[in-house]
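Supplied in C-alpha cells, the structure appears directly below.
The values are calculated or read from the model by the stated rules, or taken from the named source; none is laboratory data. Bear in mind the structure is a predicted one, so any value in this text is a computation, not a measurement. Every residue, glycine among them, receives a Cβ derived from its backbone with ideal geometry; neighbour counts consider all protein chains shown. Side chains are part of the model used for accessible areas, which takes the heavy atoms of the whole protein and leaves out ligands, DNA and RNA. Shrake-Rupley method; radii C 1.70, N 1.55, O 1.52, S 1.80 Å.
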Amino acid sequence: MKAVKYLIMGALVFGLSAPAMAQDYTSVIGDVSKALKDDPQAVGAAKSVVKDYLKTYKKDPHAMVALGNAYLASKNFDKAVECADLAIKRNKNFGDAYILKGDVEAMKDDGGQAAMWYQQAISLDPKNPNGYMSYANVYRKRSPQESERVLNELRQNIPDYPIDAETGHVFYTSNNYEKAIEYFDKANISNMAEGRIGEYALSALSIGDYAKGLSVAKTAISRFPTNMGFVRLAMINGVLGKDFSEAVRFAEKLIGSNNEINSGDYNYYGQALAGINDHTKAIDMFTKSFSMDETSFKNLQSISECYTALGNEDKALEYSTTYLDKNPDAKPSEYSKLANIYIAKVLKLKEAAKDKNADASLTAEMDNNWNKAMGVFDNLITKYPHTGNYVKFQKGHQAYRCEKDDIALTHLTSLINELKDKSDLTEEEKGYLLNASSEVGYIYWGDKQDLDSAKPYYEIVYKLNPNDKTARQALGIEDQPAATE
C-alpha cells in the first residue's frame, strides 16, 4: 500500500519502546551496530570500534547482549553466541543472554533449539517476559496450545505485563496485520506504549480498516499530543476512509506544526480539501507537493481533476496531458479522464450551440474536441493493446452521451457482437455487454422509435439483469421483479 510505504519511508516516527537497559553503553551501541553492518566480521573498520566497546563494557551483561544482538543483525552467529556466553559468565541467571542464544538458532531456522534456549531463559529468569514471548512465538504455528500455555504462565508470573500489546507487536513485525489487530484490540489502549499504539494504527491502515486507524490515531494524539506522527496517521486514515472533514482538521494541525513537512503531507492535505470540495485550495496543496517531489506525477492528475470540478476544462486538459506525458505508468482509466475532459467541452459547446444566436464556429470546435477525445482512446489502445474492449465501449458510450447515434451504434454493436455468444464472460465483459446493449436498445427505441430493432438488445439486457425495468417494458414482461434463486 502506498500510504504505508509513505509512512515507512520516514514520514512517521514513533518513540518505539525497548527493554530497559543500563544507560552507560546505549549511547555507543548504535555506532557499533552501524560499524558491524558494514563489516560483520569486525576485521576492518569495525575492529577498533568493537575493541574499544569491549574494553569498557565487557563486564556488563546487558552491554554484551546488546553487542551480541548487533552481531546477530549482521548474521555473525558465532560472535553473537560468544557475547551471550560472556554475559552468562557474569550472570548465569540473565535471561536475555539465553534469549540471544535462542534468537541465533531461530535465525538458523532451528525452532527446536531456539525453544530450548527460550525455556532456559524462563526457568532461570522467570520475571523476564521476553523469554515467554519468544518461546510462544516459536510454537505459535506448530502448537498453538503450547503457545497459549506459556502465555498463560506469563500472565501468572508477571500480571502487569502488557501481553496482548506485545503479542500484537510480534505479529506486526512479521507483517501479519490481521492477527496484530486481533491482539491490539484486546489490549488497554489507555496505557499502551507509544510505539505499540503506532503499530496498532499502522496495522489498521494496512488492512484497510481506516475507521479504526483514525480512532486509534485520535486516542494516541490525546495521549501524545506532540507526536506529529499520530496526527499524520489521523490525516491519512481520514482521507482513505473518506472522512474528509476530519482529515482536513488533522492536516491543518500537521502543516501548522514545527514538524518537517514532506511532499506526501501536502498531497494528502490536497486530497482532503478536494474531498470537501475546496478545489482551489487543494490545487495549491498538490502544487506544493509536486514542487517538493517532481516524480510525484499523480499530483498533476489531481490538479487536473480539481480544475475539472471547477469547470475549467482548459486547465484540466493542460495538467492531464502533462501527467500522461510524464508518467510512463499511467493507467487506462487515466487516459479516459483526459478524454472525458474533451467530452465535457463537447457537451458544453453542444448546449451553447442551441442558442439561435450561437456562433457557427461552435460546430467546428465541437468536432475538434470530439476528435481529440477519440485520439486519446486511439493512443490508449496503442500503448495497451489489451484494452480493445474497453476502448470500443468508451468510444461508443461517449458517442451515446454526445448524441452521435450512428457512431455509437458502430462501436457498441461491434462490441456486442464480439461478446454476446461468448460462453465464459468475465465480470468486466458482462458489464460491457450489459451497458452497451442497454444504450443500443435506447438509441433504437427512444431515439429512432424502432422497438423491433431495439428488442434483441433488450433481450441481452434482460438475460444479464432480469430486473431491468426498461428491458422488461420493451419486451412486454409484467412489471414485477423477477424471481430470484
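Which residue is modelled with the lowest pLDDT, if the candidates are limited to the stretch 353-368 and must be part of a helix (DSSP H, G or I) and surrounded by 12 or more Cβ atoms within 10 Å (Cβ to Cβ)?
Looking only at the stretch 353-368, we keep the residues that are part of a helix (DSSP H, G or I), and these are 353, 361-368.
Now drop any that are not surrounded by 12 or more Cβ atoms within 10 Å (Cβ to Cβ), which leaves 353, 362-363, 365-368.
On the way: Ala353: 83, Leu362: 88, Thr363: 87, Glu365: 91, Met366: 92, Asp367: 92, Asn368: 94.
Of everything passing the filter in the stretch 353-368, Ala353 is modelled with the lowest pLDDT.
Right, something else. Given the options Thr295, Thr280, name the one that is assigned to a helix (DSSP H, G or I), open to solvent by 60 Å² or more (accessible area, probe 1.4 Å) and either touching a strand residue (DSSP E or B) at 6+ places or on another chain (Cβ under 6 Å) or without any contact (Cβ under 8 Å) to a residue 40 or more places away in the chain (or both).
Thr280
Please specify each residue of the stretch 80-106 satisfying the condition of being basic (Lys, Arg) and surrounded by fewer than 20 Cβ atoms within 10 Å (Cβ to Cβ).
The first filter runs over the stretch 80-106 and keeps only residues basic (Lys, Arg), leaving 89-90, 92, 101.
Answer for the stretch 80-106, where residues must be basic (Lys, Arg) and surrounded by fewer than 20 Cβ atoms within 10 Å (Cβ to Cβ): Lys89, Arg90, Lys92.
Oh, and also: Of all residues in the stretch 308-332, which are part of a loop (DSSP other than H, G, I, E, B) and either among the hydrophobic types (A, V, I, L, M, F, W, C) or closer than 29 Å to Pro385 by Cβ (or both)? Before you say what the answer is, go through the steps one by one.
The initial filter retains those residues of the stretch 308-332 that are part of a loop (DSSP other than H, G, I, E, B), namely 310-312, 327-331.
Leu310, Asn327, Pro328, Asp329, Ala330, Lys331, listed by residue number.
So which residues in the stretch 458-478 are open to solvent by 60 Å² or more (accessible area, probe 1.4 Å) and of a type in the set (S, T, N, Q)?
Asn467, Thr470, Gln473
Then there is this: Any chance the stretch 203-216 includes a residue that's under 29 Å from Tyr307 (Cβ atoms), surrounded by 18 or more Cβ atoms within 10 Å (Cβ to Cβ) and not acidic (Asp, Glu)?
yes
Moving to a separate point now. Just the residues that are exposed (fewer than 13 other Cβ atoms within 10 Å of the Cβ), farther than 16 Å from Ala73 by Cβ and among the charged types (D, E, K, R), please, taken from the stretch 21-50.
Answer for the stretch 21-50, where residues must be exposed (fewer than 13 other Cβ atoms within 10 Å of the Cβ), farther than 16 Å from Ala73 by Cβ and among the charged types (D, E, K, R): just Asp24.
Here's the yes/no breakdown for (1) open to solvent by 40 Å² or more (accessible area, probe 1.4 Å); (2) under 30 Å from Ile276 (Cα atoms); (3) in a helix (DSSP H, G or I):
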{"residue": "Cys306", "(1), (2), (3)": "no, yes, yes"}
{"residue": "Leu338", "(1), (2), (3)": "no, yes, yes"}
{"residue": "Val346", "(1), (2), (3)": "no, yes, yes"}
{"residue": "Glu351", "(1), (2), (3)": "yes, yes, yes"}
{"residue": "Phe377", "(1), (2), (3)": "no, no, yes"}
{"residue": "Ile381", "(1), (2), (3)": "yes, no, yes"}
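Do you know which of the residues in the stretch 51-79 that are more than 27 Å from Pro126 (Cα to Cα) and exposed (fewer than 14 other Cβ atoms within 10 Å of the Cβ) is nearest to the chain's Cα centre (by Cα)? Step through it out loud before you land on a result.
Step one: filter the stretch 51-79 for residues more than 27 Å from Pro126 (Cα to Cα), giving 51-56, 74-76.
Restricting the remaining residues to those that are exposed (fewer than 14 other Cβ atoms within 10 Å of the Cβ) gives 51-52, 55-56, 75.
On the way: Lys51: 45, Asp52: 45, Lys55: 47, Thr56: 46, Lys75: 32 Å.
Selected residue: Lys75.
Between a residue in the stretch 394-408 that is over 22 Å from Ser333 (Cβ atoms) and any residue that is surrounded by fewer than 18 Cβ atoms within 10 Å (Cβ to Cβ) and among the basic types (Lys, Arg), which pairs come within a Cβ distance under 9 Å, given they are 6 or more apart or on different chains?
What qualifies is Glu403/Lys350; Asp405/Lys448.
Among the residues of the stretch 209-234, what is the count of those that are assigned to a helix (DSSP H, G or I) and over 14 Å from the mean Cα position of the chain (by Cα)? First the steps, then the outcome.
Just the residues of the stretch 209-234 that are assigned to a helix (DSSP H, G or I), to begin with: 210-223, 228-234.
Imposing the further condition that a residue be over 14 Å from the mean Cα position of the chain (by Cα) reduces the set to 211-212, 214-223, 228-232, 234.
Number of matching residues: 18.
Taking the condition modelled with pLDDT of 95 or more and within 23 Å of the chain's Cα centre (by Cα), does Ala282 pass?
Working: modelled with pLDDT of 95 or more: yes; within 23 Å of the chain's Cα centre (by Cα): yes.
Judged against the criteria, Ala282 is a match.
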